[in-house]
1. Across segment 226-239, what is the number of residues that are out of contact with any Phe, Trp or Tyr (no Cβ under 7 Å at 6 or more places or on another chain) and surrounded by 22 or more Cβ atoms within 10 Å (Cβ to Cβ)?
2. With respect to Thr360, determine if the residue is surrounded by 21 or more Cβ atoms within 10 Å (Cβ to Cβ) and among the β-branched types (Val, Ile, Thr).
3. If I filter segment 65-87 for residues that are farther than 18 Å from Ala115 by Cα and surrounded by fewer than 16 Cβ atoms within 10 Å (Cβ to Cβ), do I get at least one hit?
4. Suppose the filter is more than 21 Å from the chain's Cα centre (by Cα), modelled with pLDDT of 95 or more and not basic (Lys, Arg); does Ala352 pass it?
5. Within segment 125-203, which helices (runs of 4 or more DSSP H) (wholly inside it) include 3 or more residues that are touching a Ser or Thr at 6+ places or on another chain (Cβ under 8 Å) and either without any contact (Cβ under 8 Å) to a residue 12 or more places away in the chain or under 19 Å from Leu396 (Cβ atoms) (or both)?
Amino acid sequence: MVILEKYVKQIYRCARCGWCRTPTFADHGINKVCPVYEYHPKGPWEFFTARGRLAIAQGLLEGEIDVTKDLVEIIYSCTTCGACHEVCVIHFPVVMGVSKTDELDQVRVFEAMRAEVFKRRPDMLLEPHRRIAKRVATQRNPYGEPHDQRFEWLSDTYRPAKQGETVYFVGCTSAYRHPEIARSTIRVLSKAGLVLAIIDEWCCGSTLLRTGQWDYVEELAKHNLEELKKAGARKVVVSCAGCYRTLKLDYPEILGSKWDFEIFHATELMWELIEEGRLKIAKSLNQKVTYHDPCHLGRHAGVYDPPRDIIKSIPGVEFVELTPTRQYAMCCGGGGGVKSGFNELALRIGIAAVKRAEGTGAKILLSACPFCKRNLVEAIEACKAGIEFYDITEVLAKLV
């Protein structure tokens, strides 16, 4: 069975209206939708838009299009941010409460297109994505770092339990590339009196799912499931928006009823603790601050308020929204395998995001995802922006 056949109704549901290319919501500050269409070095071609990609999906289904190097580049250049979905006319009945059926989930279709490419022509996969799969297979992380060094960032002052109701699923990027986020998360939650357990986690598989390498993820999911069971976990806390989407939305599909853990992004749990009075912010931050919505946390999983509520609760902070924001926010460029496959494109999108943040007059740009941090920090350095970037947990760790 062709993988795309599962999505045939959605593929043909596209009205080809072009709202995913030309915004019609100027009164909401939305003058751009697709970051790839807007910032791709090769220019704003139709095949970079959602309707263009859906036309390609139709061609693959009908056998009218072959998998070529150029086609692979087009299919894999999408950040899978989901902004096209939010402005899609097919999605409006759901937004307005007229229907509960989402008839066109562009992200799911685009991920299935990649799985289709991988199934038909695995030799055509982008080399960086092929390397990621090999690294995950050997070292259980996409960076190829030694698995036995996954928790070297832990300080001597904090030795987590091996068992407990609340498990901190650190994630590969926080563990190997941004350990300051992991340390900050533990510091903040410990301040609230939580005792966190850490398991022998493997990569959640998010990068493999986003790049169409679905065959390799079930083993990772089963391992993480067994480790969480052994730990006696009931709640799982994650720092990474990609891990959050994978554990909360993808694992239930992959593992079925076996997956019944309560998943929290760190900001969700931290805000809950602040509301309960168990976590107190002791210091002020007298700065103008703005916030970037991670796509996997916001559009994909619907978490918008907890990060904002935390920021607004910090004494001395002047909070200003980016435009556009929330479900219409522009992607940072670091997701969907684009950072590893097309770094120039990721950086161009990231620079545009940084300039929007600078335009608010804020001195600090916050987000809630290590992937956002990787790309936006690189973008800040590339354009010499006068703004600093931090993960929300890093700021909280200094104030509690």
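1. Of the residues in segment 226-239, 1 are out of contact with any Phe, Trp or Tyr (no Cβ under 7 Å at 6 or more places or on another chain) and surrounded by 22 or more Cβ atoms within 10 Å (Cβ to Cβ).
2. Values: surrounded by 21 or more Cβ atoms within 10 Å (Cβ to Cβ): no; among the β-branched types (Val, Ile, Thr): yes.
So Thr360 does not fit the description; no.
3. Kept after step one, since they are farther than 18 Å from Ala115 by Cα, are these residues of segment 65-87: 83-87.
Still in the list and also surrounded by fewer than 16 Cβ atoms within 10 Å (Cβ to Cβ): none.
Taking every residue of segment 65-87 in turn, none turns out to be farther than 18 Å from Ala115 by Cα and surrounded by fewer than 16 Cβ atoms within 10 Å (Cβ to Cβ).
4. Numbers: more than 21 Å from the chain's Cα centre (by Cα): no; modelled with pLDDT of 95 or more: yes; not basic (Lys, Arg): yes.
Considered against the rule, which asks whether it is more than 21 Å from the chain's Cα centre (by Cα), modelled with pLDDT of 95 or more and not basic (Lys, Arg), Ala352 comes out as no.
5. Numbers: elements: 127-139, 172-176, 179-191.
The helices (runs of 4 or more DSSP H) meeting that bar are 179-191.
The values are calculated or read from the model by the stated rules, or taken from the named source; none is laboratory data. A quick note: this is a predicted structure, and the numbers were derived from the prediction, not measured. Cβ: placed from backbone, ideal geometry, glycine included. Neighbour counts: every protein chain shown.
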